[in-house]
1. Might you work out the accessible area of residue 23 for me, using a 1.4 Å probe with all protein chains in place, and round it to the nearest 10 Å²?
2. Would you mind getting the Kirkwood hydrodynamic radius of region 78-160 from its Cα pairs, rounded to one decimal in Å?
3. By the scheme Lys and Arg +1, Asp and Glu -1, what is the net charge of all other residues having a beta-carbon under 15 Å from that of residue 254?
4. Have a look at 375, 331, 226 and report the one farthest towards the positive end of the charge dipole of the chain, computed about the Cα centre with Cβ charges (Lys/Arg +1, Asp/Glu -1).
5. Please give the length that would be gained between residue 52 and residue 213 if that part of the chain were fully extended, namely 0.36 nm times their separation in residues minus their C-alpha to C-alpha distance (nm, one decimal).
6. Please sort by residue number the GluC sites (Glu not before Pro) in region 282-354 whose DSSP state is loop and whose Cβ has at most 11 other Cβ atoms within 10 Å.
7. Would you mind pulling out the separation of the Cα centroids of region 68-96 and region 154-218, in Å?
8. What is region 1-160 by shape, rounded, prolate or oblate, if you read a ≥ b ≥ c off the alpha carbon gyration tensor as root eigenvalues and call it rounded for a/c under 1.5, prolate for a/b larger than b/c, and oblate otherwise?
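The values are calculated or read from the model by the stated rules, or taken from the named source; none is laboratory data. Model, not experiment: these values are computed from the prediction. Ideal geometry is used to build each Cβ from the backbone, glycine not excepted, and the neighbour counts take in all protein chains shown. Ligands, DNA and RNA are excluded from the accessible area calculation, which covers all protein heavy atoms including side chains. Shrake-Rupley method; radii C 1.70, N 1.55, O 1.52, S 1.80 Å.
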Amino acid sequence: FVPFLHAAARSPQVRDVVSLSPMAPGGTTSLDAFLNAGAAVDLETLRSREAAVDASDDLFILFTSGSTAEPKGVITQNDRTVSNNYWIGERQGLNEHDALWLAVPLFYGFAAANAIGAAWTHGVALVLEERFDADRALDTMERTGATVYYGLGNMTRALVKAQRESPRRLSLKKGLTGYSYEDKRVAIEDLGVSELCGIYGLTECHGLCAMTSATDAAATRLEIDGYALPDWELLVVDPETEQPLPAGTVGHLLVRGPLSRGYLDQPEATAAVFREDGYFRTGDLVSIDTEGRMNYHSRLKDLVKVGGISVSPREVESVVELHPAVRQVFAVGVPDETRGEAVAVVIELRDGASLTADELRRFTKERAAAYNTPTHVLFMRDDEIPKLASGKASLRDLRDHVVQMIGVRT
């Protein structure tokens, strides 16, 4: 608290610091005192303050995760956050009997512009963890009867491992996790989140713009990332010409709907991502079939040029993660003197499993094109993989680490 209080003293717009700790440090307001202060506000003052707030007013400034680029401050709005989060909750089938377990940081879009709004618009209880610990989390889930799971892939795997070692009585059924097939499969099959939905979204979309429904078949929820939420339009275009592409073709995704109004103090960056017709350039490569079902492939700028052939890191990961010894995998592009770039994969193995680089390459060659076979295969523990504050892997830091480990020139 001390560094924050010192910073607050130098920030004239900071009026108060509310402490969630039972023992509020000096200079802060306890949570109970903050909540009870509302009793002293008369109705006329309350109505006046309510009238001063407009639905289109700014709500949050949420910074993008920074997993592949420098974070940007995304300005979100009241009405768009609430309405979009309502539909996110609808797709999950949330109701007043649910309790949503959440351990990702609250500054992260997955919490602030997704989980919290989806819960509050459906009368769902929020079950918060101050920090993630698998055994403590399972105890909390059992004690509270949590029915909704919001967690990242590394959390899911840690929970599954802890549950096998010391089983608890869990009530998890609904929820969301990451994009990958394996992340979803582990949550559904191993953690028991049987109605988990596939998702696609960005902070700029006030959470999500596409997802599956809890009522879809399990195969559908595993195999696709979603279809448009109400009020959203999804368009796949040629990355260079921005001309629409036929259904099923991989291209650059543009979205239009209840978007953020842009980036904090970055007018040029804001102008660069919005077209005149209101479509937002996501920077993601996806495919959408004739039924509107979308699959994420990779970030446009993350494509690896192997001898002139564009290789999607996500496609490489989707093949590698099929190997039974692989718990999680991350693919990145690294410099290569002969081909310009090469694919490197970082793999965390399942407990007790063994796998060599040559065995992995043979496995991928049998299931994918030769250029999708990784040149470099590295094995790391989960705690060795660089992470962001949100818990996601930092792909920029991971790439730098891989380049250093294999000794190539950048």
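1. The accessible area of residue 23 comes to roughly 150 Å².
2. After inverting the pairwise mean of 1/r, the radius is 12.9 Å.
3. -4
4. The Cα lying farthest towards the positive end belongs to 375.
5. Gain on stretching residue 52 to residue 213: 54.3 nm.
6. Passing sites in region 282-354 are 291, 337.
7. For region 68-96 versus region 154-218, the Cα centre distance is 18 Å.
8. rounded
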